[in-house]
Amino acid sequence: MGMAGTGKSTISHSLCKMLDAENMLGASFFCSRGSETARNARLIVPTIAYGLASTSSAIKSDIIQAIGDDPRLAEPTYIDVEDQFNKFIRRPIISRNIKTYKVIVIDGLDECSDLPFVSKLIRLILKLSRDLPLKLFIASRDEQLIHNALYSSQDLLAAFPLHEVEERVVEHDIRLFIKKSLLDIQKSLLDIESPGLDRTLEWPAPFELSKLVEHSGRLFIYAVTALRYIREGGKLFKRRLSCMANREPKLGSKQQTSMIDDLYGHILQQACASQEEGEILDMRRLLSIIIFLRNPMPIYALTEFAKIDADVHLSALKAVIHVPAQPPEAAVAPFHASFPDFVTDPSRCSPERCPSFAALIHAECHIILALRCMDLMNSSLKYNICGIPSDMTVSRQGQVNSPEYMTKISEELKYACVYWASHLVELQELGSDILPSLRHFLVTHLLHWIECLSILGELETALRSLESANTALLRSKATDVQCRNLQLLVEDALRCLQSSFEAVRRNAFEIYQSAFVWLPKESLVRKAYSPVPYSLPRVVLGLHDSWPQEHLIVRRGSAVSALALSHDGSQAASGSSADNMVRIWNTTTGLLEAELKGHTHPVTSVAFSRSGKVASGSWDKTVGIWDVRTRELEAKLRGHTKGVTSVAFSPIADLVCSGSKDCTLGIWDAKTRELQDRLRGHTRAVNSVSFSPDGSRILSGSSDARLRIWNADRVEADFRSKGNRAKVTSAAFSQDGKRVVSGTQDGTVRIWDVATRNLEAELKGHTAQVTSVAFSSDGSRVVSGSNDRTVRVWNAMNEESEAELEGHTAEVCSVAFFQDGKQVISGSWDGTIRIWNTAAREAGLSQHASPVTCLVFSQDGEHLVYGSESGTIWIRNAGTGEIEAELEGHTAMVSSVAFSHDGSRLVSASRDWTVRVWDTHSIRAVAEFKGHTASVSSAVFSPDGNRLVVPGWPDKTARILDVATGKVMAELRVGAQVWCVAFSMDGSQIATGSSDATIRIWNATTGEAEGELIGHTHGVRDVAFSQDGSQVISSSGDRTVRVWDKTTGQSDMVTTRYLQLLDSTEIFIHDARGTKTFGIAYPKQPSALGGGLAHSVSEDGQWILGDQRDCWIPPHYRDLGELVFSGSRVSFASSKGRLVILDMKGT
């Protein structure tokens, strides 16, 4: 260890050379804050693995196998570093019985960007390497976190603080180094410049050598920089040494850095001495860019980025700026971190030290960089920037970005796209110099920028950049309306990208082909970029007017039984009752960051500590303590005799509180894993525990209907509403600790005064048990979740409901406010985590409040008919979405609608026990069939339109009716509930599918049974004949689609998305939402039975799949209910009454 400039890196480099020469070097990692990759400590383990693989083919083979088993292992984002170390390093060494020792050199750990992670990494590597044939050499400044990690380890063999070495020893070493280096300079330069020159004169002179040693003091970096400056003097090397030796420190300077500051000042002044004012400005501009770059660039990229000949202007600064000649991609950067520190500090880079070069000003440098980034993006970004073949730019579910195209984006443009906002956010004010460029970028190239970042694999950067830009625009004092408009556009872009992040991350062109398609009507991004110059699917009907209140939907897949939000709001932890795991989610992208396995029963509760750890409670009677960064289960706390229902971290100490069905509270020390106390007093299960903000008290709620506050081991306060015996399911303190809020089984939310124990408010509105409650950070609002599937936001002052957030389709288990109070997060047993914008107005749809229960396209695909829960039937123009007719008559839910083959009539079946036939031209009912003794599930026209087949329920029959007279022509005695019916194309036969998993074939004239098709294992949900009538197609609850030979009764399962039968009948499989159905197209009558269904839905319900293109479906639209296809059009309805018509043909 040692302070800056004492030679740590030089020692590390020298050691690597020595070890490599002896074949003892295992791997090395040199950290640098000037490089994004070199400051990323998460790359250290993969780099060590790479180095070890190069020393052993056996280890290399095992590492390749590990990556093959889990490709994420090699990614910088892989969060479980212990698992990574074990699979990359520990297991290969042990399994191959490697005995030869190797040395791992890690230098400059203090320059990594995440020192808490570095500290944990040091401890982890030392622990896991303990019994391996590895030795570690670590060099770093004496940062406290690094110091603690090293000195607390039992595996530390020796520590060597360089700054504590005796001064005479340091002076001796520096003298030797300087003298040898000067002689090397003399030899190399004289051999080149003056091969015949007399070298008998002593050089360096003893006085000059001693002075240079004296100036260097303990700083090896001073000697290195001075020698580099002398070497760069060429023929003038002797004069430069004399100048260095005869320079005296600036009078009055008491800083430890005064000597190195004088040296840097001299180098800068000499660089400016022979230059014109404009040349000095260019050099200053170039240095501003180099010093403040977030990631260094090669010389060629730097020249393009700065629009300045970097090689020329840096020639006088090569003593402080590293300008590598080879390889071409090597980055230009300061030799040492002390030079940027000097040149950006006005007290060090002062007019006295360097009159010609004033200190760089942070704000000015960031303006330069932000403007250059904007100019580059505005001049370079475009649609399909990599020239990808057009067939690969069309939306496809399985299409992903190809890494080969990353190389087509220049280094300077990569930098601009990734870092522009990080420079913008450094500015306190956005003036007229930058706003025009920013506006041009946002209204012209925003989508191109997202495309570019997706190709580069940097899409998360886009979210961070938009958030930074939003911060900069909000902070700016500019009164121009343009600034506010840009801020609103950035917010809209952020919503756009968040809602489509996963699709766009996989395929850059989904930002156009899918995400843009679903933007709300009032979206500023839609308005800015419409019309688009390329073909896109078009949402004819059903777009939101504005963004919905659901800011982000994370689909967990199985029930969410617990949820907690980290203190900074960046992560959410969820517990599962299905697989007993805890998961960590990114609340910005919705991506899964970690899966924590350890519980053996359902997880009931999760909580974050302020340091980022997670506690979890489970029905397995234990409390788990997890390190989220390493995915390590640090402790499993045992002591409860029944399941743990609730957990909470103390905000000020390493204490965890747990509540249990055993009626007690446990207080645990998370470090020692010991039970500190057990609080008894509740007579039934403890359902909720939480600490007060100052950590001095604990709040508990129980099924005994009591709400209690505990101080130490005694009850300080006991709350109960007069006459109320409802169990308390959730409770929480306000941020000031003066109030508590509770939720109870009776659906009521109550607010209590802690000091007086009085009930302040009763908030009523939920229709079922309240499961979770929380205060906003300012205490002005309360959020509650309930088994009624809603989330409500209440004004805690006036007791009014401010928002009722609907969207969950099952009970809500947990809710919480984000710190800003503008957003709420909720988890539900429906398998989703939702983030809500409480300030947003409800997104308008201008449709019907009554849910859609059935829908069908007309045979020509030009009209869409749908029935509703209210009994009303609507007809819409499928091309415009306009309502063409409203059919009233049914008094209960419409369960089925169907067109006659010529489209002139419509039949509807209802739960009002009637079937109605409507004339589609006059828009009136022409027949009504009564006589059913229960609801009618469906009705189908014969091909000639003269007959109807109507399944009866619960009498397990189907009736053939004469449309003109209403008479029953025949009765099909099925013997099981009939779920579906179909006529053959010639009208001679009827197929029925029923609850007993059987398909039956009937004579359509006599009603006699002509055959049975048996093979499904669950009820038959859909049935149809082939075009020639020789085959039958069916789908079932067993998730299969089968094609039957009507004569032999044999069937084949359809395993592909598309199948064409011998008679040219086309079958299209729809596999979504846990069911498998089909559509049919008859070439001789292409409009029949849905009109040639060339589209389907993916199995996960996230994509519309088509022949020409696919289209991704945003989470807000995935609550698909009824779904039908016709030609290029798709229509689906949701349980909320939203109806969508999507034309896949494009605009």
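With angles folded into 0 to 90 degrees, how steeply does helix 206-216 sit against the dominant principal axis of the chain? Use alpha carbons for both and round to 10.
30
Once the stretch 376-535 is represented by equal point scatterers at the alpha-carbon sites, with solvent omitted, what log10 I(q)/I(0) does the Debye formula produce at q = 0.13, 0.15 Å⁻¹?
Computed log10 I(q)/I(0) values: -0.58, -0.77.
Please name which of 177, 497, 812 has its Cα lying farthest along the dipole of the chain towards the positive end, using unit charges on Cβ (Lys, Arg +1; Asp, Glu -1) and the Cα centre as origin.
177
Could you pull out the trypsin sites (Lys or Arg not before Pro) across the stretch 431-489 that fall in loop regions by DSSP (anything but H, G, I, E, B) with no more than 10 other Cβ atoms inside 10 Å? Before the final figure, lay out each step's value.
Details: sites: 439, 464, 475, 477, 484; in loops: 477.
Passing sites in the stretch 431-489 are 477.
Per 0.36 nm of contour for each residue apart, how much would the distance between residue 269 and residue 1039 grow if the chain were fully extended, relative to their Cα-Cα spacing?
Details: separation 770, 0.36 × 770 = 277.20 nm, distance 7.94 nm.
Here the answer is 269.3 nm.
Looking at 985, 73, 1003, which one has the Cα that reaches farthest to the positive end of the dipole of the chain (charges on Cβ: Lys, Arg +1; Asp, Glu -1)?
Highest projection toward the positive end goes to 73.
Which of rounded, prolate or oblate describes the stretch 646-805 when judged by the alpha-carbon gyration tensor and an a/c cut-off of 1.5?
Judged from the Cα gyration tensor, the stretch 646-805 comes out prolate (a/c at least 1.5, a/b above b/c).
What is the magnitude of the charge dipole of the stretch 561-681 about its Cα centre, with +1 placed on the Cβ of each Lys and Arg, -1 on the Cβ of each Asp and Glu, and no other charges, expressed in debye to the nearest 20? Could you put the intermediate results ahead of the total?
Numbers: 15 positive and 13 negative charges, 59 e Å.
Around 280 debye, computed over the stretch 561-681.
What's the local net charge at residue 775, with K and R +1, D and E -1, over the other residues with C-beta under 9 Å away? Provide the component values of the computation, followed by the final result.
Numbers: positive: 739, 781; negative: 778.
Computed value for this residue: +1.
Over its Cα atoms, what ratio of radius of gyration to 2.2 N^0.38 Å does the stretch 758-873 give?
Numbers: Rg = 18.2 Å, N = 116, 2.2 N^0.38 = 13.4 Å.
With N residues counted in the stretch 758-873, Rg over 2.2 N^0.38 Å equals 1.36.
If the only charges are +1 at each Lys and Arg Cβ and -1 at each Asp and Glu Cβ, what is the size of the charge dipole of the stretch 26-180 around the Cα centre, to the nearest 20 debye?
Numbers: 21 positive and 21 negative charges, 119 e Å.
It works out to roughly 580 debye.
Using helices alone, I'd like the mean residue ellipticity at 222 nm for the chain: each DSSP H run of four-plus residues gives -39500 (n - 2.57), total over residue count, nearest 500.
-7500 deg cm²/dmol
In square angstrom, rounded to the nearest 10, how much accessible surface does residue 789 have for a 1.4 Å probe?
Only protein atoms counted, so the area is about 120 Å².
Let me see the P(r) profile for the chain: every Cα-Cα distance counted, bins of 20 Å, each bin given as a percent of all pairs.
The calculated distribution, bin by bin, is 10, 30, 34, 19, 6, 2, 0.
Mean 1/r over all different Cα pairs, inverted: what Kirkwood radius does the stretch 49-129 give, in Å?
Values: mean 1/r = 0.0734 Å⁻¹.
When all Cα pairs of the stretch 49-129 are included, the Kirkwood radius is 13.6 Å.
Could you order peptides 167-177, 1028-1038 by the average number of other Cβ atoms within 10 Å of their residues, highest first? Walk me through the intermediate numbers first.
Values: 167-177: 14.3, 1028-1038: 20.6.
The most tightly packed comes first, giving 1028-1038, 167-177.
Per residue, how large is the accessible surface of the stretch 594-689? Use a 1.4 angstrom probe and give square angstrom.
On the way: 3850 Å² over 96 residues.
Per residue, the stretch 594-689 has an accessible area of 40 Å².
Could you tally the net charge around residue 86, taking each other residue with its Cβ under 14 Å from the Cβ of residue 86, Lys/Arg +1 and Asp/Glu -1? Numbers along the way, then the final one.
Details: positive: 87, 90, 91, 127, 130, 631; negative: 62, 69, 70, 80, 82, 83, 131, 632.
Every neighbour counted, the sum reads -2.
When DSSP assigns beta bridges and you keep just the ones with both residues in the chain, what percent turn out antiparallel, to the nearest 5?
Values: 204 of 215 bridges.
Of the beta bridges lying entirely in the chain, close to 95 percent run antiparallel.
Can you give the extra length, in nm with one decimal, that the chain gains between residue 672 and residue 1005 once fully stretched, where that is 0.36 nm per residue apart less the Cα-Cα distance? Mind showing how you got there, number by number?
Details: separation 333, 0.36 × 333 = 119.88 nm, distance 8.29 nm.
Full-extension gain reported as 111.6 nm.
For residue 1077, what accessible surface area do you get with a 1.4 Å probe? Give it in Å², rounded to 10.
Roughly 50 Å² of residue 1077 is accessible to a 1.4 Å probe.
If you line up the long axis of helix 362-380 against the longest principal axis of the chain, both from Cα atoms, how many degrees apart are they, to the nearest 10?
50
Please go through the stretch 978-1026 and write out the GluC sites (Glu not before Pro) that DSSP classes as loop and that have at most 16 other C-beta atoms within 10 Å.
1008
Which entries in the list 613/671; 235/318; 477/527; 17/211 go over 19 Å, if you measure between the two C-alpha atoms of each?
Working: 613/671 12 Å; 235/318 16 Å; 477/527 26 Å; 17/211 31 Å.
From 613/671; 235/318; 477/527; 17/211, over 19 Å: 477/527; 17/211.
Please give, to one decimal in nm, the separation of the simple spin-label points placed at residue 965 and residue 172, each 7 Å out from Cα toward the Cβ.
Output for this residue pair reads 12.4 nm.
Multiply the residue gap between residue 760 and residue 1057 by 0.36 nm, knock off their C-alpha separation, and tell me the result in nm, one decimal place. Kindly include the intermediate steps, with their values, before the conclusion.
On the way: separation 297, 0.36 × 297 = 106.92 nm, distance 6.07 nm.
Computed gain between residue 760 and residue 1057 is 100.9 nm.
Towards the positive end of the charge dipole of the chain, with charges on Cβ (+1 Lys, Arg; -1 Asp, Glu), say which of 609, 424, 803 has the farthest Cα.
Result: 609.
If you wrap a convex hull around the alpha carbons of the stretch 545-623, what volume per residue comes out, as a whole number of Å³? Each step should come with its number before you reach the end.
Numbers: hull volume 7.4 nm³, N = 79.
Dividing the Cα hull volume of the stretch 545-623 by its residues yields 94 Å³.
Determine the share of the stretch 924-1005's accessible area contributed by carbon and sulfur atoms, expressed in whole percent, with a 1.4 angstrom probe. Numbers along the way, then the final one.
Numbers: 1560 of 3230 Å².
Heavy-atom surface of the stretch 924-1005 belonging to carbon and sulfur, 1.4 Å probe: 48 percent.
Semi-axes of the stretch 391-443's equivalent ellipsoid from the Cα gyration tensor, sqrt of 5 times each eigenvalue, largest first, rounded to whole Å?
Numbers: eigenvalues 200, 41, 20 Å².
They are 32, 14, 10 Å, listed from largest to smallest.
Order the peptides 973-986, 128-141 from the highest to the lowest mean number of other Cβ atoms within 10 Å of their residues.
Values: 973-986: 19.9, 128-141: 17.1.
Order by mean packing, descending: 973-986, 128-141.
Give me Rg over Rh for the stretch 1-149, both radii from the alpha carbons and Rh done the Kirkwood way, two decimal places. The partial results should precede the final answer.
Details: Rg = 14.8 Å, Rh = 15.6 Å.
Rg/Rh for the stretch 1-149 comes to 0.95.
Report, in debye and to the nearest 20, how large the dipole of the chain comes out about its Cα centre when Lys and Arg carry +1 and Asp and Glu carry -1 on their Cβ.
Details: 123 positive and 135 negative charges, 481 e Å.
Roughly 2320 debye, rounded to the nearest 20.
Just in the stretch 274-308: which GluC sites (Glu not before Pro) are loop by DSSP and have at most 12 other Cβ atoms within 10 Å? Could you put the intermediate results ahead of the total?
Details: sites: 276, 277, 279, 304; in loops: 276.
In loop regions of the stretch 274-308 (DSSP not H, G, I, E or B), the sparsely surrounded GluC sites (Glu not before Pro) are 276.
Setting aside same-chain residues fewer than 8 positions from residue 1046, which lysines have a Cα under 22 Å from its Cα?
Cross-link targets: 1076, 1084.
To one decimal place, what orientation-averaged projected area in nm² is obtained for the convex hull of the Cα set of the stretch 300-455?
On the way: hull surface 48.0 nm².
Its Cα hull, projected and averaged over all orientations, spans 12.0 nm².
The values are calculated or read from the model by the stated rules, or taken from the named source; none is laboratory data. Note that the structure is a prediction, hence the values are computed from the model and not measured. No Cβ is skipped: glycine too gets one built from the backbone with ideal geometry, and neighbour counts run over all protein chains shown. Keep in mind that these areas ignore ligands, DNA and RNA; they rest on the heavy atoms of the full protein, side chains included. Shrake-Rupley method; radii C 1.70, N 1.55, O 1.52, S 1.80 Å.
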